[in-house]
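Peer 1: The following block contains the structure, expressed as structure tokens.
Please treat every number below as a calculation from the coordinates, not as lab data. Since this is a predicted model, take the numbers as computed values, not measurements. Because the Cβ atoms are built from the backbone with ideal geometry, glycine has one as well, and the counts that use them run over all protein chains shown.
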Amino acid sequence: MANTNSAQSALDLLILTVLDRRGPLHGYGIATFIEDLSKEALRVEEGSLYPALHRMEELGWIAAEWRVTENKRRARVYQITRTGKQRLAAEAERWASFSTGVARVLRHA
Amino acid sequence: MSFFSRLRNSLHSRRLDQELGEEMRDHLERRVAQLREQGFGAEDAQRQAALRFGNITQLREKSRDIRLLAPLEAMLQDTRYAWRGMRKSPAFAVTAVLSLALAIGANTAIYSIVDAAMLRPLPVPESEQLFTLAWPSPFDGAVGPGQSAERDQFSYPTYLRFIAAKPPARLAMISFQARAEAQGPEPGAPREKLLKQYISGNAFEILGVAPAVGRLIAREDDHLRSGNAVAVLSHDYWRRRFHRDPGIVGKTLHIDGKAYEICGVARDGFFGIEPGRFVDVWLPSALYDSQAFTEPGWNWLRIVGRLARGASREQVTAQLQPAFHDFQLEQVNRWSTIPAAIRKQFTEAVLRVHPGANGASDFRKTFAKPLWIVLGLTLAVLLIACANVASLLLARLSARSREMAMRLSLGAARGRLVRQLLTESLLLASLAGAAGWLLAQWAAPVLVRALSSDRDPLRFVLALDSRVLLFSIAVSTLAAVLFGLLPAWQSSRTPPIEALRSSAGQAGKLRLGRFLVGIQVACAFCLVMGGAAFLFSLRNLMAVDAGFDPRGVAVLDINGGESKKPAASERQLMHELRKRIAVQPGVEAAAVASWSIFAGGGWTSQVFLPGQAPSQQQEIFYNVSPGYFAALRTPLLAGRDFAVGDGGLAEPIAVIVNQAFARKYFGGANPLGREFRAPPQGPGLLRHVVVGLASNAHYSDLRTDAEPIVYVPLVGNDQWFTLYVRSPLALGSVARLVEREAQAMEPGSRVSEMTTLETLVGNTILRERLLAGVGGAFAFLGLVLAAIGLFGLLNYSVARRTKEIGIRAALGAGRSALVRLILKDLLALMGGGLVAGLAGSLAIMRIFQSLLFGVRPADPLVMAAAAAVFVTAGLVAGGLPARRAAAVDPMVALRQD
């Protein structure tokens, strides 16, 4: 799973981070957080968030349930699991070493 | 979580679709609301939100695939679709499921019996190490049909020789199981019949059977010649009779009048070494008749062994054969009168060491081949049913060909369509398999009961267990593939454009249909031939003149009290009882004999004519009282009947011989007054003089020619005898009447077994009854199925040719010409199948030959009967479509399409 492709694992990393820091959120909430925080630099198609969420749900990294949110709307709310937290730590470290590696090459090559 | 949630989602895919839709819609609505707040117009906000979201359908599909098991979901969808399709045409579904269920049920039922009787290993550990011993016996066929060319009976001295030969194996001796009368420990317990078996002290240990309660018969019991008599109960008997009473150990069980202390119960599931016979009680072999331990000719036991680790059966044979040969030679040398041919057979006999994993079985000797044949018949029925369903599916497919073509044109994958069609077949097969399974659970015990008789009860472990279940599933699946694959392949092969162009592309289907009908006709013809042969065989057997009149004759085994009396007074009692019974109201005649004919018992001996070599064959000697010939209605042709004064062993012994004996030994000359010598039931040769000539009568088997019989007077050396009573009264009343009289004469005497002569004779043709009953039923089933198939195809062909028929009618063809047209089609359809069926059935009849009586392999009568039945069925099947063709209105037909 770790080496599939960097775009997908980047998206996973972002989702896990958001869920870890901000607590349970529905899909729309996650999308707006990512957009706001990255200053719209990471503008993916919003819809592609969902297959990623569902995949991570099947992997057991996040859990989902239907909840009634503000103004009585039903929404599917996601929450990071313990496996997900471990995954996040490993993934973050990998990402950090990857980006320092890339940065070093850019600087010294 | 993952797998199960995906499984759940697959099962409820519609709910998943709703959830996915709702989640994404929620997102879009929130986005629209946010954009509206930013000042976008309603339409703009919608468009903007959709743009930012991406391709919603594609994303939903992607999520969907993640959240469920795609192949399972597709299968479920196919199943639902197939189910709906079947609900839409219930007539088709019911016909298909019913015919398949009958075929699968028959297969499963027969297989479960074959498995229990022949294939399943004994329920003991490492049964593959077990072996049994047997040898080709020279005296076979002399007495009764149960004897085969091989004997697995041995005497105790032989057993000792085998042990002394030190084979690389452990040997146990196990007696033949015998019916016995038991009385339980409770005061006033009734007498009951059970199966007892004598077993050596090492037998349980060698077989690897442990006790459930108490202890089993062990080595120390081998030395208790006259000590404590112990008995081990089978688990089945313990449960059935004593309701698993754990305090049973130490209680007393009376068996045939002797007291035995129950020392334990064998573990659950162990029934002895013979599948089909459930032993109830095991007794130490040391308690068997003491004479049996010294008499080298008294063959009363089977020898079962367990190979030592690493040893082979060949090594055992190598060790035992010299010992066996020496023993045989000694026996032959002791026996001075033995004919040279038999002497040779004895001394050249080679001991056989058979694999013993499946135990030993007399049932198998008689029924192995018939059961395999019946299994073959059921397979033929299955094949017919499959071909039938295949043609039904084909017909249904042609109705759906446009739909299929449409789906293909719209881009459906061919593989997906084939899978869809196969799912339908599998659904049909599993429904049929489940119904067949239920049918088998009912049918298998019914069949076993049909093979069982009161005197010789047959029981099998017919637990329809995993082995049988697997067989049933395998058969159902095979059937589904057989009948499903051909039409599926055919339909997916048709180029859509042709199918869309309506009637074109149907020629291939008709060709396949013709092929399928051909298979049905061929198989059904084989079944009809086989069924006819077995029915004729049974009819011939039932038409055999037994030489006596078995109707209305009660056969009662009398136990004449516990006290042993001198032979003369014993004989006196028998005559007295006979006279008393004969004068009872409702009794026409009564006679006494030492045992009953057609019950498996008997005494055979060589005959020594003065001045001639001893006879090559053993002849039947049978002790009967005066009045025997009158009671059984066997005509006495010359001389006199026995008198009360005849009897005992005083020389010369008066005998009555039958025609077969007279022809064989006196060459057809008047036998009265002729003499011969024979060893009666005792040592030495005694003089016998012929005083009467009786008409031929069968003694133990209707299949053989009338055997030579020497009737001898009663001896009276046994307090057991058989009473024949000819009376129109019911068997029970006759038995009560006889018991009352017997007890009045001799307290303690009673009727130990009762049956009728008709039943006894019927029991010897159980195999033929089985084959005729089952063969006839399957022939009928196959014929009906094939007729349905034929009808279906002809009907379809008439429907397809409506236009052509219309033109012919318009051009002036008469009704008879049109009917001829269809009948020609029918003949063409049946022709190929008939030729194949005829060739096949002639080959099959060769296999059946040994089981047939009075029927030749290519019997013209059987063939004519089969053909007549078949043609009638064909005409019925073809008649309706032909009528339909004749009734075609040219105007309507031409306006079609």
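Peer 1: What is the sum of charges, Lys and Arg at +1 and Asp and Glu at -1, for the other residues whose Cβ falls under 11 Å from the Cβ of B:Arg400? Intermediate values should be presented prior to the final figure.
Peer 2: On the way: positive: B:Lys88, B:Arg396, B:Arg402, B:Arg407; negative: B:Glu403, B:Glu424.
Charge balance in the 11 Å sphere: +2.
Peer 1: Now a separate question. Would you grab the residues whose amide H sits under 5 Å from the one on A:Trp66? Only those 5+ places off in sequence or on another chain, please, with H modelled 1.01 Å from N.
Peer 2: When sequence neighbours closer than 5 places are left aside, the close amide H contacts are A:Val77.
Peer 1: Could you work out [θ]222 nm for chain B from helices alone, using -39500 (n - 2.57) per DSSP H run of at least four and dividing by all its residues? Round to the nearest 500 deg cm²/dmol. Don't jump to the answer; show the numbers that get you there.
Peer 2: Details: 27 runs with 471 residues, N = 897.
Using -39500 (n - 2.57) per qualifying helix, the result is -17500 deg cm²/dmol.
Peer 1: Which whole number gives the average count of other chain Cβ atoms within 10 Å of the Cβ atoms across peptide B:27-38?
Peer 2: Numbers: counts 12, 3, 2, 9, 4, 0, 2, 2, 0, 0, 0, 0.
Counting other chains' Cβ atoms within 10 Å and averaging over B:27-38 gives 3.
Peer 1: With +1 on the Cβ of every Lys and Arg and -1 on the Cβ of every Asp and Glu, and nothing else charged, how large is the dipole of chain B about its Cα centre, in debye rounded to the nearest 20? Don't skip to the end; give the middle numbers.
Peer 2: Working: 99 positive and 73 negative charges, 760 e Å.
Here chain B has a charge dipole of around 3640 debye.
Peer 1: When the C-alpha atoms of region B:546-617 are aligned to their principal axes, what extent does each axis show, in angstrom, from largest down?
Peer 2: 50, 35, 22
Peer 1: Can you work out ³J(HN,Hα) from phi for every residue in region B:569-576, in order, using Karplus 6.51 cos²θ - 1.76 cosθ + 1.60 and θ = phi - 60°, giving whole Hz and x for Gly and Pro?
Peer 2: Result, rounded to whole Hz: 6, 4, 4, 4, 4, 4, 4, 4.
Peer 1: Related question: What ranking do B:Met75, B:Met529, B:Met845 get, fewest neighbouring Cβ atoms within 10 angstrom at the top? Before the final figure, lay out the partial values.
Peer 2: Working: B:Met75 15, B:Met529 28, B:Met845 21.
With the fewest neighbours first, B:Met75, B:Met529, B:Met845 line up as B:Met75, B:Met845, B:Met529.
Peer 1: Follow-up. Which of B:Ala694, B:Phe661, B:Leu649 sits closest to the plus end of the dipole of region B:645-711, meaning its Cα is farthest towards the positive end, when Lys and Arg get +1 and Asp and Glu get -1 on the C-beta?
Peer 2: Comparing the listed Cα positions along the dipole, B:Phe661 ranks first.
Peer 1: From the mean inverse distance of alpha carbon pairs (Kirkwood) and the Cα radius of gyration, derive Rg over Rh for chain B.
Peer 2: Working: Rg = 37.1 Å, Rh = 33.5 Å.
Taking Rh as the inverse mean 1/r over Cα pairs, Rg/Rh reads 1.11.
Peer 1: What does the structure give for A:49-59 when I average, per residue, the other chain Cβ atoms found within 10 Å of the residue Cβ?
Peer 2: Numbers: counts 5, 12, 10, 3, 3, 9, 4, 1, 6, 9, 3.
Whole-number average of other-chain Cβ neighbours for A:49-59 is 6.
Peer 1: Would you mind ranking B:Ser290, B:Ser89 by Cβ crowding within 10 Å, fewest neighbours first? Intermediate values should be presented prior to the final figure.
Peer 2: Values: B:Ser290 11, B:Ser89 14.
Final ranking by Cβ density, sparse to dense: B:Ser290, B:Ser89.
Peer 1: Of A:Lys39/A:Lys85; B:Lys258/B:Lys579; B:Lys365/B:Lys564; B:Lys344/B:Lys365, which pairs sit farther than 27 Å apart, going by alpha carbon to alpha carbon?
Peer 2: Values: A:Lys39/A:Lys85 25 Å; B:Lys258/B:Lys579 31 Å; B:Lys365/B:Lys564 38 Å; B:Lys344/B:Lys365 25 Å.
In this structure, B:Lys258/B:Lys579; B:Lys365/B:Lys564 exceed 27 Å between Cα atoms.
Peer 1: In what sequence do B:Met754, B:Met118 fall when counting other Cβ within 10 Å, fewest first? Please report the intermediate quantities before stating the final value.
Peer 2: Details: B:Met754 21, B:Met118 18.
Ranking B:Met754, B:Met118 by Cβ neighbours within 10 Å, fewest first, gives B:Met118, B:Met754.
Peer 1: Okay, next question. Under 5 Å between amide hydrogens, which residues at least 5 positions from B:Arg267 or on another chain qualify, with H placed 1.01 Å from N in the peptide plane?
Peer 2: So B:Arg267 has HN proximity to B:Ala210, B:Ala212.
Peer 1: Can you tell me the orientation of helix B:313-334 relative to chain B, as the angle in degrees between its alpha-carbon axis and the longest Cα principal axis, to the nearest 10?
Peer 2: Taking Cα atoms only, the helix is inclined about 30 degrees.
Peer 1: Amide H of B:Val230 versus every other amide H placed in the peptide plane: which residues, excluding those fewer than 5 positions away on the same chain, fall under 5 Å?
Peer 2: Residues meeting the criterion, in which the H sits 1.01 Å from N, are B:Glu261.
Peer 1: Quick one: if the Förster radius is 51 Å, what FRET efficiency do B:Val892 and B:Ala412 give, using the C-beta to C-beta distance and rounding to 0.05?
Peer 2: Working: r = 36 Å, r/R0 = 0.71.
For B:Val892 and B:Ala412, the calculated efficiency is 0.90.
Peer 1: Further question: Calculate the mean, over all residues of peptide A:27-38, of how many other protein chain Cβ atoms lie within 10 angstrom of the residue's Cβ. Spell out each step's value before the answer.
Peer 2: Numbers: counts 5, 10, 2, 1, 5, 3, 0, 0, 1, 0, 0, 0.
Across the residues of A:27-38, the mean count of other-chain Cβ atoms within 10 Å is 2.
Peer 1: Let me ask something else. What's the ranking of B:514-522, B:546-554 by average number of surrounding C-beta atoms within 10 Å, highest first? All intermediate terms of the calculation are to be shown ahead of the outcome.
Peer 2: Numbers: B:514-522: 23.7, B:546-554: 19.6.
Listed from highest to lowest mean packing, they are B:514-522, B:546-554.
Peer 1: Could you work out [θ]222 nm for chain A from helices alone, using -39500 (n - 2.57) per DSSP H run of at least four and dividing by all its residues? Round to the nearest 500 deg cm²/dmol. Mind dumping the intermediate values first?
Peer 2: On the way: 4 runs with 66 residues, N = 109.
The per-residue figure over chain A is -20000 deg cm²/dmol.
Peer 1: So, one more: Under the Karplus relation 6.51 cos²θ - 1.76 cosθ + 1.60, θ = phi - 60°, what is the ordered set of whole-Hz ³J(HN,Hα) values for region B:771-787, x standing for Gly and Pro?
Peer 2: Result, ordered by residue: 5, 5, x, 5, x, x, 5, 5, 4, 5, 4, x, 5, 4, 4, 5, 5 Hz.
Peer 1: With contacts defined as alpha carbon pairs under 8 Å and 6 or more residues apart, what's the relative contact order of chain B in percent? Show your work: numbers first, answer last.
Peer 2: Numbers: 1558 pairs, mean separation 127.4, N = 897.
Relative contact order comes out at 14 percent.
Peer 1: Using the 2.2 N^0.38 Å rule of thumb for compact globular proteins, work out how the protein assembly as shown stacks up: its C-alpha Rg over that value, please. All intermediate terms of the calculation are to be shown ahead of the outcome.
Peer 2: On the way: Rg = 41.3 Å, N = 1006, 2.2 N^0.38 = 30.4 Å.
Rg over 2.2 N^0.38 Å, computed on Cα atoms: 1.36.
Peer 1: Residue by residue through region B:529-538, what is 3J(HN,Hα) from phi via Karplus (6.51 cos²θ - 1.76 cosθ + 1.60, θ = phi - 60°)? Round to whole Hz and write x for glycine and proline.
Peer 2: Those phi angles translate into 4, x, x, 4, 4, 5, 5, 4, 4, 5 Hz.
Peer 1: Right, another one. Longest span of chain B, sites excluded, free of GluC sites (Glu not before Pro) in DSSP loop with at most 16 other C-beta atoms within 10 Å? The partial results should precede the final answer.
Peer 2: Working: sites that count: B:Glu126, B:Glu348, B:Glu562, B:Glu588.
Here the longest segment lacking exposed loop sites spans B:589-897.
Peer 1: Pick out, in residue order, every one of the trypsin sites (Lys or Arg not before Pro) in region B:168-225 that is DSSP loop and has at most 11 other C-beta atoms within 10 Å; say none if there are none. Can you show the working numbers first?
Peer 2: On the way: sites: B:Arg170, B:Arg179, B:Arg191, B:Lys193, B:Lys196, B:Arg215, B:Arg219, B:Arg225; in loops: B:Arg215, B:Arg225.
Answer by residue number: B:Arg225.
Peer 1: Now a separate question. Report the charge-dipole magnitude of region B:634-681 in Debye, nearest 20, computed about the Cα centre from +1 at each Lys and Arg Cβ and -1 at each Asp and Glu Cβ. Walk me through the numbers on the way to the answer.
Peer 2: Numbers: 5 positive and 4 negative charges, 50 e Å.
Taking the Cα centre of region B:634-681 as origin, the dipole is about 240 debye.
Peer 1: I've got another one for you. Per-residue counts of other Cβ atoms within 10 Å, averaged by peptide: what ranking do you get for B:759-767, A:83-91, highest first? Write out the running numbers ahead of the final one.
Peer 2: Values: B:759-767: 18.9, A:83-91: 16.3.
Final packing ranking: B:759-767, A:83-91.
Peer 1: For region A:12-41, which trypsin sites (Lys or Arg not before Pro) are in a loop by DSSP, counting at most 11 other Cβ atoms within 10 Å? Intermediate values should be presented prior to the final figure.
Peer 2: Values: sites: A:Arg21, A:Arg22, A:Lys39; in loops: A:Lys39.
Of the trypsin sites (Lys or Arg not before Pro), the ones in loops of region A:12-41 whose Cβ has at most 11 other Cβ atoms within 10 Å are A:Lys39.
Peer 1: For region B:739-897, what relative contact order do you get, as a whole percent, if you take Cα pairs closer than 8 Å and at least 6 residues apart? Each step should come with its number before you reach the end.
Peer 2: On the way: 91 pairs, mean separation 62.9, N = 159.
Relative contact order comes out at 40 percent.
Peer 1: What's the magnitude of the charge dipole for chain A around its Cα centre, counting Lys and Arg as +1 and Asp and Glu as -1 at the beta-carbon? Answer in Debye, nearest 20.
Peer 2: Working: 16 positive and 13 negative charges, 44 e Å.
Using Cβ point charges on Lys, Arg, Asp and Glu, chain A gives about 220 debye.
Peer 1: Normalised by the number of residues in chain A, what is the relative contact order in percent for Cα pairs under 8 Å and 6+ residues apart?
Peer 2: The normalised contact order for chain A reaches 28 percent.
Peer 1: Count neighbours as other Cβ atoms within 10 Å of each site's Cβ, and list the chymotrypsin sites (Phe, Trp or Tyr not before Pro) in region B:307-394 that are DSSP loop with at most 14 such neighbours.
Peer 2: On the way: sites: B:Phe324, B:Phe327, B:Trp335, B:Phe346, B:Phe363, B:Phe367, B:Trp372; in loops: B:Trp335.
For chymotrypsin sites (Phe, Trp or Tyr not before Pro) across region B:307-394 that sit outside H, G, I, E and B with at most 14 neighbouring Cβ atoms in 10 Å, the list reads B:Trp335.
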